[in-house]
Amino acid sequence: MIDKSMRDAAAAVAEIQDGASVMIGGFGTAGMPDQLIDALIDRGVGDLTIINNNAGNGEAGVAALIREERVRKIICSFPRQSDSHHFDAAWRAGKIELELVPQGNLAARIQAAGAGLGAIFTPTGYGTELAQGKEVREIDGKHYVLEYPIRADFALIKAQQGDRWGNLVYRKTARNFGPIMAMAAATTIAQVGNIVELGSIDPEVVVTPGIFVQRVVEIASANTHALAA
Amino acid sequence: MNRMTRDQMAARVAQDIPEGAYVNLGIGLPTKVANYLPQERDIFLQSENGLLGMGPAPAAGDEDWELINAGKQAVTLLAGGSFFHHADSFAMMRGGHLDICVLGAFQVSVHGDLANWHTGEPGAIPAVGGAMDLAIGAKQTFVMMDLLTKQGTSKLVDVCTYPLTGLGCVSRVYSDLAVFDVGPGGATVIEMVEGLTIEELCRLTGVRLAHAGETEAA
């Protein structure tokens with residue numbers, strides 16, 4: 001019997017080692033798998049490469065990982081926010097490497113990895129400093145920049161509901177990067193508000209099919225609506 | 001000199017958004033446009049973090065922090081709205097499905113180049129977000145900005161000196177003093193605030209301006 005459910009967050013992240021690349025879902029705080037990140041911090045590993053849209057907000061989640069100096073490099077689109085003080089401090093102290101990627105290119109490169117593509121040609125960034133040194137091609141009169149896929153050893157994502165085969169449904173704008181990161185990581189770990197019986201998720205509404213998910217852990221608080229902004 | 005207020009600018013942009021348009025309003029000043037969209041028009045607001053059919057902010061106390069916009073503010077979803085993941089969201093832009101995006105700017109060139117993501121100052125942390133994808137992806141990119149900086153320097157320029165967001169992507173500029181079309185043929189003044197002349201506008205901006213329906217002023 002295949003059962004991908006794990007007893008707790010610590011067990012779910014137990015295979016993550018020093019130096020791992022880890023995609024983390026979430027846009028701002030929506031969809032941020034806070035309890036999985038806390039478990040990763042408790043596990044004590046460092047030298048991580050983190051892929052997330054932002055570089056942490058406030059004190060929880062990615063911000064806490066940076067505060068604890070576990071992150072060697074971050075790949076993100078928008079690191080500068082009013083409450084991103086832990087990233088600011090680490091960056092100014094030269095303790096963290098930043099690869100800045102336009103948000104749509106970030107999504108497309110993650111999706112390309114999950115789909116097994118060798119590279120993509122994207123119009124975004126053409127003629128800007130973020131395309132400097134990159135191969136450019138003109139196709140049907142329009143200019144495109146060559147960008148390579150972004151894959152990772154692990155993805156930590158948050159969904160509303162899952163089952164023991166790893167099928168997932170998300171909640172509102174907490175979906176964001178979850179479905180594409182699940183496809184791009186060798187091992188995807190999903191924290192879900194509740195694990196339901198096989199067959200109780202309508203197959204017509206499954207967003208991430210279980211083939212893309214290796215671990216599921218139920219964290220009841222994941223359904224909390226009143227998260228701080 | 002007369003100047004349009006930020007709300008007047010937002011109302012002016014809203015006039016030009018037609019029934020049935022799929023629209024992304026950028027963070028900051030452009031979000032004000034939503035307040036002036038005519039009730040009788042069905043206009044679909046997209047937010048790049050994965051929703052279409054975005055509604056106004058909820059009442060205080062009704063916030064759901066898993067229902068937010070790209071500025072990470074709590075919003076609502078209108079009947080008929082939908083959620084989707086990030087790759088689909090940016091395919092809506094890059095794939096040419098989004099009709100209009102409205103963005104703020106540091107500078108716009110008379111040929112429609114946009115600079116709005118980074119001042120390039122040493123020590124400034126660069127952050128691009130979805131700006132580059134929006135600018136080049138939407139069928140039409142409108143910019144909303146004050147025409148002059150606080151120091152009186154024109155933000156409508158011959159060539160952008162700030163780091164570029166996209167090349168030749170802006171089609172129209174709504175400023176506090178005038179509305180311009182920009183593009184391969186240069187800048188054309190569509191309208192001006194009362195009391196302003198084309199000569200004065202040329203002096204303020206220092207760029208060559210054509211006047212819609214009239215001969216070009218140097």
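Hand me the trypsin sites (Lys or Arg not before Pro) from the range A:42-103 located in a DSSP loop with no more than 13 other Cβ atoms within 10 Å, in residue order please.
A:LYS95
Suppose only helical runs count, i.e. DSSP H with n ≥ 4. What mean residue ellipticity at 222 nm does that imply for chain B under -39500 (n - 2.57) per run, divided by all residues and rounded to the nearest 500 deg cm²/dmol?
After summing the helix terms and dividing by the residues of chain B, the value is -4500 deg cm²/dmol.
So for the range B:6-217, considering every pair of alpha-carbon atoms, how many percent are separated by more than 22 Å?
Of the Cα pairs, 50 percent sit more than 22 Å apart.
Bin all alpha-carbon pair distances of the range A:56-128 at 10 Å intervals from 0 and give each bin's fraction as a whole percent.
Final binned percentages: 18, 42, 28, 12.
Arrange the peptides A:191-197, B:145-151, A:99-105 so that the one whose residues have, on average, the most other Cβ atoms within 10 Å appears first.
My ranking of the peptides, most packed first, is A:99-105, A:191-197, B:145-151.
B:LEU209's amide H: which non-local residues (gap 5+, or another chain) put their own amide H closer than 5 Å, with H modeled 1.01 Å from N in plane and none for Pro or chain starts?
Distant-sequence amide H within range of B:LEU209: B:ALA217.
Scale the Cα Rg of the protein assembly as shown by the rule-of-thumb value 2.2 N^0.38 Å and send over the ratio, two decimals.
That works out to 1.02 for the protein assembly as shown.
Enumerate the aspartates and glutamates that A:LYS172 could reach by cross-link, defined here as Cα to Cα under 12 Å, with residues fewer than 8 away along the same chain left out.
Partners found: B:ASP64, B:GLU66.
For the range B:141-212 and the range A:114-140, what is the separation of their C-alpha centers, rounded to whole Å?
Between the Cα centres of the range B:141-212 and the range A:114-140 lies a distance of 30 Å.
Starting from one equal scatterer on each C-alpha and no solvent at all, send me the Debye-based log10 I(q)/I(0) for chain A at q = 0.07, 0.17 Å⁻¹, two decimals.
These q points yield log10 I(q)/I(0) values of -0.22, -1.19.
Read the figures in this text as sums done on the coordinates, not as results from a lab. All figures in this text were calculated on a predicted structure; none of them were measured in a lab. Cβ coordinates were reconstructed from backbone atoms using ideal geometry, including for glycine residues, and neighbour counts include every protein chain displayed.
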